[in-house]
1. According to the Cα gyration tensor, what semi-axes, each the square root of 5 times an eigenvalue, does the equivalent ellipsoid of the stretch 36-168 have, listed from largest to smallest in whole Å?
2. Neighbouring Cβ atoms within 10 Å as the yardstick, rank VAL350, VAL111 fewest first.
3. Reachable lysines from LYS112, Cα under 16 Å, same-chain residues fewer than 8 places away excluded?
4. In straight Cα distance, which aspartates and glutamates are under 19 Å from LYS315, not counting same-chain residues fewer than 8 positions off?
5. Starting from the Cα of LYS386, draw a straight line to each of the lysines and keep only those under 18 Å, dropping any in the same chain fewer than 8 residues away.
6. If neighbour count is taken as other Cβ atoms inside 10 Å, put VAL209, VAL182 in order from fewest to most.
7. Would you kindly state how much longer the chain becomes between THR323 and HIS247 on full extension, computed as 0.36 nm times their sequence separation minus their alpha carbon distance, in nm to one decimal?
8. Residue-wise, which Karplus ³J(HN,Hα) couplings in Hz belong to the stretch 387-403, taking 6.51 cos²θ - 1.76 cosθ + 1.60, θ = phi - 60°, and x for glycine or proline?
Amino acid sequence: MKINIRLLGGLAVAVLSLLALSGCTFISDPVSQMRVPQLSADKASLMAAINSSLKAMDGTLIRPANDDDSSIFTEDLDKNGIMETLVFYETKNEAVVIHGMILEKQEDAWVKKLVFDGDGTKLDSVELKDVTGDGKLNIVAGYSREQDKGMVVYSYSGGELEEILTKPYTKYIIDDLNEDGVPDITVVHFKRNEFVTITTYQYTDSFRVVDELDNLDPYFNSYYNIVSGKVAANKEGIVLDSAVDSHSAYTTLVVMENNKLRVAISGNDRTFKDRKIVSEDIDQDGIIEIGLLVPPKGWEYFDPETIPYFNSYFKWDGKEGLTFSTQLYNDPLDRFTINFAPEWQQRVTVDTKSVQNKSLKFIMSDTGETVAEVSFFSAAEWDRVKNSGWKLLGRDLDKMIGYRGELEQNTIAEEDGRIKSSIERKGIDE
């Protein structure tokens with residue numbers, strides 16, 4: 001097995017997982033999808049209480065934009081042994097349209113404890129996490145109104161709700177950047193052509209600023225991806241992918257050392273690319289990689305518009321540089337992806353006679369041996385070649401996309417023993 005190609009096909013596979021989350025319930029359909037055993041006997045009582053309150057307030061249940069499945073959250077927020085349920089709803093024809101409501105379990109009934117207003121017209125996110133380090137769960141909510149976004153951290157205790165942090169944001173990140181064992185919140189706030197600030201807050205008796213970066217370049221269109229996590233074996237960080245325009249992009253890596261934020265990899269020529277690539281843990285080793293466009297060997301001096309670039313991913317070396325991690329070929333129109341096995345990394349290239357959207361021939365750079373081909377055929381052409389070694393990869397408008405070669409033999413086993421095939425197809429009509 002030399003080239004790892006994942007075949008997803010045009011089939012839409014829906015997977016419904018029942019999660020046993022201790023003390024925590026996320027509910028999308030008000031009755032049928034309550035999934036935590038602790039609440040199974042209380043469904044009717046809880047929903048009756050929610051529906052009664054919403055009817056009285058002429059409200060409609062809503063879910064946050066960051067979660068397609070959750071509209072009702074049940075937890076013991078203040079860890080006093082009594083369960084609470086949090087919901088958000090919207091009302092029409094009012095100055096404030098988004099509201100939150102907390103209900104409390106009292107014996108066999110659910111009782112409304114309080115309602116509160118959300119500052120926006122859209123509920124972007126809801127998270128229940130301990131961000132103060134006291135063992136209790138905070139409500140972290142993100143609201144938006146047109147282009148403006150604001151996040152609020154709430155503390156709930158003794159039947160009362162308090163706002164303990166309110167900040168405008170583009171992205172907020174709950175992590176432990178200074179790695180002191182206490183959670184912190186980092187807020188990225190960007191306004192095009194004006195400013196970028198990255199501020200880390202940590203709670204003592206109140207939220208205080210640990211450090212702030214305010215000298216980043218604001219002259220780009222937008223952030224299309226911001227992710228936090230391990231950026232080296234023993235280092236947390238934030239990776240920010242910036243869209244310069246509709247096509248090109250660059251990536252910045254920010255870490256914290258001795259409670260000071262610093263730019264470890266700046267958005268310079270080293271991370272600039274002519275196509276947006278999302279930084280992610282591409283090889284699933286727990287460390288986030290930065291993606292770059294790299295021309296296949298032999299294509300360095302061709303017209304950039306004609307080059308079938310590889311997506312090459314790099315890890316931060318913990319100092320000032322990047323080290324190679326993995327490489328794949330991603331179709332420019334995002335129709336399929338070809339992943340190369342580790343032993344073939346940086347050994348495969350593309351024949352310089354290849355033409356994108358017509359025919360691609362993948363060869364060994366040292367021997368010139370052809371290992372795989374991807375070609376585009378008309379319906380009539382496909383009828384002539386489909387029985388001569390070509391396999392159907394997918395359809396795109398009036399073209400049939402076929403492949404042949406060692407691609408056909410390359411499948412890899414999932415951790416659960418299932419076999420997943422080797423080409424990943426994206427957005428192709430079957």
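Bear in mind these aren't lab numbers, they're just calculated from the coordinates by the rules spelled out. Every value quoted in this text rests on a predicted model; they were computed, and no experiment measured them. Counting neighbours? That spans all protein chains shown, and the Cβs are built from the backbone with ideal geometry, glycine included.
1. Values: eigenvalues 103, 72, 32 Å².
Each semi-axis is √(5λ); the values are 23, 19, 13 Å.
2. The fewest-first ordering by Cβ neighbours comes to VAL111, VAL350.
3. By straight Cα distance, LYS112 reaches LYS43, LYS55.
4. Answer for LYS315, where 19 Å is the Cα cut-off: GLU236, ASP241, GLU257, ASP269, GLU280, ASP281, ASP283, ASP285, GLU289, GLU343, listed by chain and number.
5. Leaving aside lysines fewer than 8 places away in the same chain, those within reach of LYS386 are LYS358, LYS361, LYS399.
6. Working: VAL209 9, VAL182 14.
So the ranking, lowest neighbour count to highest, is VAL209, VAL182.
7. Values: separation 76, 0.36 × 76 = 27.36 nm, distance 2.47 nm.
Length gained between THR323 and HIS247: 24.9 nm.
8. 9, 10, x, 8, 10, 6, 8, x, 10, 9, 6, 9, 10, 9, 9, x, 9
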